[in-house]
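Worksheet: one structure, shown below.
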Amino acid sequence: MAITLMERAKRAFYRRRYNDVLTILEPNVIQYRDSFPFYYFLGLACLHTGDIGGATSYFQRARQIKMRDPDLLAAQAALHLRRGDTHQAVEYYLEALEYDPGHALSRRSLEFIRKNGDPETVSALVETGRISRFYPRPRPPVPLARVVLLIALAISVAFLVPLARSAVREARTTGTRADLSALELTGQEKSAVVENGGTYRYILTEREILSAYALAQQSFQSYRDNAAQIEINRLLNSNAGTAVKHKARLLMEYLSVPGFDTVKDVPPFAKVANEPWLYLDCYVAWKGMATNVNRTERSVSFDFLVGYDTRTTLEGIVPASFGSALEVDPERPLEVLGRLTFASGKLALEGVSIHQSGKPKAGE
């Protein structure tokens, strides 16, 4: 059965082929002049490709058609956030929450602005492409056949769990993971992997750029997400071409959050302190002590004394924050699993879990 133009565009969007979305939709503006999804997806595609003027125009038209869509408001807020206009971004997020009090993206974004909305941090997000984490992500519809399958799986879960665990072990053994064929560099992209001009932290040769990108993919398939993230960061801070950096950012979206038992390639604090930009968004499991603990009903934060669990050596102090009210005893050593970020231009930890001696792991 033939699919509609909008269905083609949505499929391209779900596959992160944002330029294809623009190619499919833009010639049909007159035909779809009263379609909210048409302008919304056009705006999102422009947002992902960096066409801020196009995104602004398409979102404005979408809002003329549908005033109270919280996802659209969150997208417009993201536009203001990337411009550094946090005040206007907050206004849009609050409006989105008026129409949908449970809108998760707006809540997370407001929390981020409250803690890390300084110009330096926002500028770093835009520069590295990590601002995309604030973009709405429409989910593809679940086919009816898949719904039936999910129901069947739920009914027979007791029998399928051992099989699923076996499948996971096999996948880890064979190294198979997500299909990254869409992220392979085309011949044209390979011929322009080096960006000429500009100032970069790393100046790489064409061979080094291609090698770093290949290593990032290989590390991902080997369940070594930290190693993949390091190579992605190396490319984002280098003279690699626009296409390479774009696909490296897309690869980041496949990386997963580890647990204490699955995190690999944990960088030591000394290396992170020396080149923090190279380890941004990596996950670490560091031991130490907590001080200046600040606990609310919904969060906990503290200064993490890295390496001070033995009370003999202090490697460094990193602010750590958790989005839930975990219990932290400042009198006892603990291990923190968290993602390396920048807050107010300084190294920080976005906490995932805490393991404190004598207590079960928290936050998992």
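The table for this structure:
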| item | result |
| --- | --- |
| Any hit, segment 245-260, residues being hydroxyl-bearing (Ser, Thr, Tyr), over 15 Å from Glu189 (Cα atoms) and within 13 Å of the chain's Cα centre (by Cα) | yes |
| Qualifying helices (runs of 4 or more DSSP H) (wholly inside segment 66-126; at least 3 residues being under 26 Å from Ser344 (Cβ atoms) and touching a residue at least 60 places away in the same chain (Cβ under 8 Å)) | 104-116 |
| Subset of segment 272-308 [under 19 Å from the mean Cα position of the chain (by Cα) and among the charged types (D, E, K, R)] | Asp281 |
| Residue under evaluation Val328, criteria (1) of a type in the set (A, V, I, L, M); (2) in a loop (DSSP other than H, G, I, E, B); (3) within 20 Å of Lys264 (Cβ to Cβ), criterion not met | (3) |
| Some residue of segment 240-263 being in contact (Cβ under 8 Å) with a residue 24 or more places away in the chain, over 29 Å from Tyr200 (Cα atoms) and touching a helix residue (DSSP H, G or I) at 6+ places or on another chain (Cβ under 6 Å) | no |
| Matching residues, segment 127-152, being in a loop (DSSP other than H, G, I, E, B), surrounded by 15 or more Cβ atoms within 10 Å (Cβ to Cβ) and either modelled with pLDDT under 85 or among the charged types (D, E, K, R) (or both) | Gly129 |
| Flag for Val244 being buried (at least 18 other Cβ atoms within 10 Å of the Cβ) and in a helix (DSSP H, G or I) | yes |
| Residues being over 17 Å from Gly50 (Cα atoms) and not in a helix (DSSP H, G or I) - total across segment 4-29 | 3 |
| Some residue of segment 248-264 being out of contact with any Leu (no Cβ under 7 Å at 6 or more places or on another chain), of a type in the set (Lys, Arg) and in a strand (DSSP E or B) | no |
| Which listed residue is in contact (Cβ under 8 Å) with a residue 40 or more places away in the chain and surrounded by fewer than 16 Cβ atoms within 10 Å (Cβ to Cβ), from Ala285, Ala325, Ala270 | Ala270 |
| Test: residue in segment 197-207 that is surrounded by fewer than 15 Cβ atoms within 10 Å (Cβ to Cβ) and on the phi > 0 side of the Ramachandran plot | yes |
| Single condition Ser353 does not satisfy, out of (1) in contact with a Leu (Cβ under 6 Å, 6 or more places away or on another chain); (2) under 21 Å from Asp118 (Cα atoms); (3) not hydrophobic (A, V, I, L, M, F, W, C) | (2) |
| Residues being modelled with pLDDT of 95 or more and under 26 Å from Ala192 (Cβ atoms) - total across segment 239-279 | 1 |
| Residue in segment 209-218 that is touching a residue at least 60 places away in the same chain (Cβ under 8 Å) and more than 19 Å from the chain's Cα centre (by Cα) present | no |
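The values are calculated or read from the model by the stated rules, or taken from the named source; none is laboratory data. Worth saying up front: this structure is predicted, and the values here are computed from it rather than measured. Glycine also receives a Cβ, built like all others from the backbone with ideal geometry; neighbour counts cover every protein chain displayed.
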